[in-house]
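The values are calculated or read from the model by the stated rules, or taken from the named source; none is laboratory data. What you see is a predicted model; the values in this text were computed from it and never measured. Counting neighbours? That spans all protein chains shown, and the Cβs are built from the backbone with ideal geometry, glycine included. Quick note on the areas: whole protein, heavy atoms, side chains included, nothing else; ligands and nucleic acids left out. Shrake-Rupley method; radii C 1.70, N 1.55, O 1.52, S 1.80 Å.
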Amino acid sequence: MQTPPQPDAAASSLAPASDAKPPTRSIYKWLVFGVMLVAIALRLWLMMRPLPALDGRTIPDDTYISLEIAKQIGQGNGPVFIDRYTNGFQPLFVWCTSSVFAFLDADALTQVDTLDAMVKVALGFCVLFDLLSVLLIMHIVRLAFRKHREPWVGEVTAAIAGLMWAMHPATLRAATNGLETSLAILFLLIAWRLSLTRSFTSTKARHFVVLGLVVGIGGMARIDVLVLGVFFALASLWALATLVWRARAQGQGLASPVKAWFLRNLALLVGTVAGYAPWFFYSLYYTGEWFPISGKAVRWISLTNANFNITTAFYISKFRVGYKAIRSNSAHLLYIVGIFVLIALGLWLVSRKFKQLRTWKAYQTLQETPLRWLALPVIHGICLYFAYTCYIFAPWFFKRYLYVVNPAMIAISAVALGCLVAWADNYRTRFRLLSRPVLYIAVAVYLGFVCFASRRFQIMMFWPASVDTGYRNLGIWADAYFPRGTVVGSSQTGALAYYARNVHYVNLDGVVNSEAITEIMAGRNMEYIRSENIDYVVGWRTNTTYIKRNTKNWSEDQLIEIGQVAGFRSWHSTWRLYEVIYPPGHPKRNKPVKLLPPGLGVEAADHFAAAEAAQKAAAERRRKRAEARKKKRPKKRPKKRPTRSGRPDVGSVRIPSAGPIRLPGDKKNAKKDPSQATPAVDDPATTTTTSPLDN
C-alpha cells in the first residue's frame with residue numbers, strides 16, 4: 001500500500017504569504033445587535049406615547065374596525081361588526097389580536113382605559129412583526145454579496161439596509177398603525193427569501209408546497225400578497241422556455257422536463273390554495289360569501305366620488321396620486337436609487353469603452369451581485385400599483401397599500417451603495433482607504449437629514465396630541481353626546497363602534513356592511529337609512545354627497561344639517577351632524593339632540609381645550625411673523641413712464657378734494673385713460689373737507 005507523499009515543511013514555509021488567507025472575524029452579529037437596539041428603542045418610544053398623540057398620525061379608522069371585530073371574535077360572537085357578520089377585514093391579524101380579547105370580560109371592555117390598552121396591544125403585535133422584518137431584510141441584502149471576496153461588504157451593507165428600515169418614517173408609521181401592514185410585509189419577505197433558493201427548473205416539488213403555503217397564509221394577512229402569483233407565473237414561463245431550449249440544444253425529449261415543470265407548479269398552486277382555504281370556508285360559513293366585500297365597496301366609493309365620470313384624465317390623476325404616495329413613502333430612497341444607478345451605468349459604459357480600465361472591476365462587482373433577486377418585490381410593487389390606480393382606485397389607501405414598494409427600494413439603495421464601496425475597495429489602495437468612511441458618512445447623512453430632520457419623524461416622535469386628526473375623539477364624544485338608544489349612521493364607524501356603550505351605529509359606506517353596499521349600488525341609500533330607523537347621521541360633507549349620489553329620488557329635505565361638532569376634527573375636516581327626516585305617517589319619530597355634549601369627561605374636555613388653545617396660539621404666532629416680514633419688506637417706488645410729449649409721467653397724485661394733478665402735456669393721455677379723469681365734485685367717495693394746503 002502506497003502512502004501519499006507528505007508536503008515538505010520547508011517548501012510550505014516558503015510559500016507566498018498572499019496565498020494564505022488570514023482568518024477574519026465576523027462583525028455581523030454586533031451589527032445586527034446595534035440595528036435591532038435602534039429599532040426597538042424607536043418603536044418602544046412610539047408605543048409609550050399617549051394614544052391621542054398617535055391617533056390619526058399613525059392609527060387610522062380601520063384600526064378600530066379591526067379591533068372591534070377582534071373584540072367580538074374574542075368574546076365568542078364570531079366576525080361581527082355592529083350586530084352583523086362581515087368579511088370586510090384582513091383575517092390573520094384580527095385572529096392574532098382576538099386571542100388577547102378572549103382573556104377579558106365584557107364589563108372590562110366597556111371602559112375607555114381598557115379599550116385604549118388593547119390598542120397598545122395591537123401596536124405591540126405590529127412592532128413584533130416589524131422587528132422580524134428588520135432581521136429578514138438584513139439577511140436578504142447580505143445574500144447579495146455572499147460571493148464577494150470581502151465578507152465585510154455584505155455585512156455592513158446589510159446593516160445599512162437594517163438602519164434604513166429601522167429609522168425610516170414610513171416604516172415607523174406602518175409599524176405602529178395597529179393594522180396588518182407589518183404582518184403582510186413579513187410574509188412578503190419570507191416568500192422573497194424562499195424564492196431565492198427555489199429554482200423552477202431544478203428544485204423538488206415539496207419545496208414549492210412550502211412556498212405556496214407561505215403565499216396563501218400571507219394572503220390571509222393581506223390579500224395583496226396573493227399578487228405574488230403574477231411573479232411566479234412569469235418565473236414559471238421563463239423556466240419552461242429554459243427547459244425547452246436546453247432540451248433542444250442537447251437533443252433530448254421534452255416529456256420529462258415538462259412533466260417535472262408541471263408538477264412543481266401544481267405543488268405551488270396546491271400550497272397556495274391550502275394556505276388560503278381556511279379564510280374561504282370561514283367567510284362562507286359566517287357570511288355566505290367567498291370574497292371580502294370591502295374591495296367592492298371601496299371601488300364604488302371611488303367611482304361615486306368621481307361622479308362615475310371615468311375618463312383618461314381620471315386615470316391620469318390616479319397615476320399621479322399613486323406616484324405621490326410612493327414618493328411620500330420613500331422620497332429619499334428614489335433619489336438614492338437614481339443616483340447610484342446612474343453612477344453604476346456610467347462605470348459600466350466607461351469599462352466598455354476603455355477596455356484597459358476594466359481593472360476597476362466595477363462591472364465585475366455588479367456581475368457578482370445576483371440582481372435577479374430584486375425581481376420579486378419589483379414585479380409585485382408594479383402589479384399592485386396598476387391594480388390600485390387602474391381598477392380599485394381608493395386614493396386614500398395608496399400610502400398604506402403601496403408601502404410594499406419600500407422593501408425593494410431599501411434593498412436597492414443598500415446594494416447599490418455596497419457595490420460602489422466594493423468597487424472602490426477593489427480599485428486602488430487610496431480608494432480602499434476611502435471605502436469604509438463612505439459607508440459611515442452615508443449612515444450619518446441618512447440619520448441626520450432623512451430621519452431626525454424629517455418633519456414626519458418629528459411629528460410622530462415629539463409633537464403633542466392634536467384635535468385635528470384621528471377618530472378616537474369622535475368615538476368618545478358620540479357615546480357621551482347622544483341619548484341612550486339613539487341610532488346613528490356614519491360612513492366611518494370604526495372608532496364609533498369600538499368605544500360605543502350607549503349608542504347603536506350603522507355603517508353606511510358598505511365596507512363592512514354587505515346589506516348597505518347592495519342597497520347603495522341599487523341607488524337606494526336613503527331608503528336603507530330609513531329602513532334601519534337611523535335618527536342622525538355623523539360625517540363630513542363628502543359622506544353626505546356620497547348619500548345623495550346613491551339615492552335616485554333625492555331631495556334636500558330628507559337630510560337636514562343640525563350643526564357642526566365643536567372641539568375636534570379628523571384629518572382637518574369638520575364633523576357635521578344631520579337629522580334624518582321621515583315622511584308623514586312614518587312610525588319613526590326623531591329625538592331631540594342637544595348641541596353641547598353633556599356627558600363629556602372633564603379630562604377629555606380639558607384635553608380638547610388645551611390642544612385647541614395651543615393651536616390658536618401657534619396660528620397667532622405665525623400671523624405675527626408674517627406681519628413682521630411684511631413690515632421689513634422695502635416698499636416699491638413707482639416707475640417713471642415716458643409720455644408722447646417726452647416728459648416723464650409721474651402719474652396722478654390724488655389729493656383730497658382737489659382731484660388728480662396732471663402735467664400740461666398729458667391731455668391726450670387723460671382723455672384716453674378714464675381712470676385719470678377728474679371726479680365729480682358731489683362724489684362722496686372722493687370729496688372731503690380737507691384742504692390741499694393741509695397736506
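Could you pull out the pairs from Lys324/Lys631; Lys29/Lys147; Lys296/Lys399 whose alpha carbons sit more than 27 Å apart here? Violating the 27 Å Cα-Cα cut-off are Lys324/Lys631. Could you run the Debye sum over the Cα atoms of region 217-342, one equal point scatterer each and no solvent, and tell me log10 of I(q)/I(0) at q = 0.17 Å⁻¹, two decimals? Log10 I(q)/I(0), no solvent term: -1.06. Per residue, region 268-337 exposes 54 Å² of accessible surface when a 1.4 Å probe is rolled over the protein heavy atoms with every protein chain present. Over the C-alpha atoms of region 153-281, the Rg to Rh ratio, Rh being the Kirkwood estimate, stands at 1.09. What is the log10 of I(q)/I(0) for region 90-203, computed with the Debye formula using one identical point scatterer on each Cα and no solvent, at q = 0.13, 0.14 Å⁻¹? The calculated log intensity ratios at q = 0.13, 0.14 Å⁻¹ are -0.63, -0.70.
Of all accessible surface on region 34-172 at a 1.4 Å probe, what whole percent is carbon and sulfur? Carbon with sulfur: 65 percent of the solvent-accessible area.
The local environment of Tyr385, defined by Cβ-Cβ distances under 13 Å, has a net charge of +4 under the rule Lys, Arg +1 and Asp, Glu -1. Annotation: per residue accessible area for region 32-127 equals 36 Å², rounded to a whole number [probe 1.4 Å, protein chains only]. With the cut-off at 1.5 for a/c, could you classify region 201-265 from its C-alpha gyration tensor as rounded, prolate or oblate? Prolate, because a/c is 1.5 or more and a/b exceeds b/c. For region 471-551, the solvent-accessible area works out to 28 Å² per residue, with a probe of 1.4 Å and every protein chain left in place.
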